[in-house]
1. Just name one of ALA21, LEU187, LEU161: the one whose Cα is farthest towards the positive end of the charge dipole of the chain (beta-carbon charges, Lys/Arg +1, Asp/Glu -1).
2. Rounded to the nearest 0.05, what FRET efficiency is calculated for SER184 and LYS139 with R0 set to 30 Å and r the Cβ-Cβ distance?
3. Per DSSP helix of 4 or more residues, -39500 (n - 2.57); summed, then divided by the residues of the chain. What does that give at 222 nm, rounded to the nearest 500?
4. Give the value in nm², to one decimal: projected area of the alpha carbon convex hull of the chain, averaged over all directions.
5. Could you name the aspartates and glutamates in cross-link range of LYS139, using Cα to Cα under 18 Å and dropping any fewer than eight places away on the same chain?
6. Give me the extension gain from HIS150 to VAL70: residue separation times 0.36 nm, minus the current Cα-Cα distance, reported in nm with one decimal.
7. Can you give me the relative contact order of the range 57-159 as a percent, contacts being Cα pairs under 8 Å and 6 or more apart?
8. Work out from phi, with θ = phi - 60° and the Karplus expression 6.51 cos²θ - 1.76 cosθ + 1.60, the ³J(HN,Hα) of each residue of the range 197-208, listed in order in whole Hz, and give x for Gly and Pro.
Amino acid sequence: MHAARTETLTRYTVSPKRGYAAMEEAGVLTALAPGTVLVTDFFAPYWRLDVTHAVCGAHLGRELVAASEVPGQEGWAVPIERLLEEINRVAHRAREAGGTGFAAALVAKYQRRYEALIKAGWAANPEFFPGKHATKRPKHVNLLDRLDGHREEVLRFATDLRVPFTNNGSERDIRPLKIKMKVSGGLRTMAGAEAFCRLRSYFSTAAKQGQSAFAAMTTLHNGNPWQPAIS
């Protein structure tokens, strides 16, 4: 099952596939206009989409914690995690004050600190260097390479305060699907799975737009389903 969501809309789909082909079948992410900001992890199929990418800070945080547990890597992994958390706290305060972005000098300061920590990461791994390699590399080196090569996407939330630090909203919207799987053990037929996705999409969107589950269910039962407002 796949979920695409905003703060006011939810769309669940089901597919026998997991990657880009499933996104094409769903027809949501592949229809996003260029310039739309999509907050994701580093799952490769997302990066085929012609959108503006931002990296989820929660996913990065978990990877940085794992990297910091590797001997010799805490000197860069821990400070990068703390830097991202610091920027996120400042971004929260800026939004609460009605701000739309950081001052250019502050952005430059954060970028310089980020640059210094990336250099410290490569210094801690002198046998490796940025870019693709034929030989297999440790996970923490792959993470460092992504952090280096996708600086703009990692710090997107610092340069555009409309962009959230994480995609935790997607995690919340996926939870009902996980509960369904846990309780029932799975969905037995594709038709049943598709019906479940349509109903969950309807009720999740209704809840986000201030509709009660009972009212949404009543109008649906009466053959006049509630229609969401689309901004």
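Rule-based calculations on the coordinates, nothing more; no lab input. These numbers come from a predicted model, not from an experiment. For neighbour counting, all protein chains shown are included, and Cβ atoms are generated from backbone atoms with ideal geometry for every residue, glycine included.
1. About the Cα centre, the residue reaching furthest to the positive side is LEU187.
2. Efficiency, from the Cβ-Cβ distance: 0.30.
3. Dividing the helical sum by the residues of the chain leaves -17000 deg cm²/dmol.
4. Seen from a random direction, the Cα hull of the chain projects 15.8 nm² on average.
5. ASP41, GLU63, GLU69, GLU74, GLU81, GLU127, ASP148
6. Additional length available on full extension: 26.6 nm.
7. For the range 57-159, the relative contact order is 34 percent.
8. Running phi through 6.51 cos²θ - 1.76 cosθ + 1.60 with θ = phi - 60° gives 5, 5, 5, 5, 4, 5, 6, 5, 5, 4, 5, 5 Hz.
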